[in-house]
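Remarks on the structure that follows.
Just so it is clear, none of the values below were taken in a lab; they were calculated from the coordinates. Just so it is clear, the model here is predicted, and its values are computed rather than measured. Methodologically, a virtual Cβ is constructed for each residue, glycine included, from the backbone with ideal geometry; neighbour enumeration extends over all protein chains shown.
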Amino acid sequence: MTRTRRAAALALTTTALLAVAACADDDDAPTRANRPAAQQPADGDPEPPAPTIPTDLAIGDTQNWEDGVSATITHVTEIPASEIGQYDYVGEGQTPFIVGMTIVNDSEQPIDLGEFTVSVEGATNGGTAEFVYIESQSEVLEGRLAPGQTREHEDAYSLDVDQYGRDLVIEMLRFYEGMDLDNPTWIGSIGQ
């Protein structure tokens, strides 16, 4: 190839590259992001799976763990003022309520009930529900649950419903070997 032909080929290639670069600034020019999937170049590596986030459960729905243990938030019931005892304390402006739950051990090993912790927040405007001492609801979730056994439990909380509303997000944390970082959440209202 002569010098003249090389120079002409280089000039032609440069002109073509400049034309392509100029088109890339055009908003209507196809880009990798807005190209149809069939035109997307193959990267060689498959897309990583999207992280799984548990869907919110309704009151009465059951969370099943892979080891055979399950939990259900069964009810959220307001505590009437007539049931607040002399030694019970509920903060001023707070509405007391009970969160009921059922834990079932269909695994092959006993489980420690201390693995379970419940957190309750207002779903409308935020706000964390306070754990309250109600003498009639003073039982602590503790001990071991044998295979094939079921445990029903209730915890008492209070929330300023005038400020935060009656809708709740109830999260159950379970601390155990092989635990998942995604905790189940139930959506409900005081009075369900």
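Suppose every K and R has +1 on its Cβ and every D and E has -1 on its Cβ; what is the size of the dipole of segment 60-118 about the Cα centre, in Debye to the nearest 20? Display every interim value, and only then the final one.
Values: 0 positive and 11 negative charges, 46 e Å.
Computed about the Cα centre, the dipole is about 220 debye.
Expressed in whole Å with the largest first, what are the equivalent ellipsoid semi-axes of segment 57-189 derived from the C-alpha gyration tensor as the square root of 5 times each eigenvalue? Please list the in-between numbers first.
On the way: eigenvalues 149, 59, 25 Å².
Semi-axes (√(5λ), whole Å): 27, 17, 11.
Count neighbours as other Cβ atoms within 10 Å of each site's Cβ, and list the GluC sites (Glu not before Pro) in segment 82-115 that are DSSP loop with at most 10 such neighbours. Walk me through the numbers before you get to the answer.
Values: sites: E83, E92, E108, E115; in loops: E92, E108.
Those satisfying the criteria are E92, E108.
Could you give me the ³J(HN,Hα) list for segment 83-96, computed from phi with Karplus coefficients 6.51, -1.76, 1.60 and θ = phi - 60°, whole Hz, x at Gly and Pro?
9, 7, x, 4, 9, 7, 10, 10, x, 4, x, 9, 9, x
Taking a point 7 angstrom from the Cα of T62 along the C-beta vector, which residues in segment 102-116 have backbone N less than 19 Å away?
102-113, 116
Post the alpha-carbon centroid distance, segment 128-154 to segment 52-119, in whole angstrom.
Each part's Cα centre sits 8 Å from the other's.
Using DSSP to define loop residues, name the chymotrypsin sites (Phe, Trp or Tyr not before Pro) in segment 112-180 whose beta-carbon has at most 16 other beta-carbon atoms within 10 Å. Working shown, then result.
Working: sites: F116, F131, Y133, Y157, Y164, F175, Y176; in loops: Y133, F175, Y176.
Sparse-neighbourhood loop chymotrypsin sites (Phe, Trp or Tyr not before Pro): Y133, F175, Y176.
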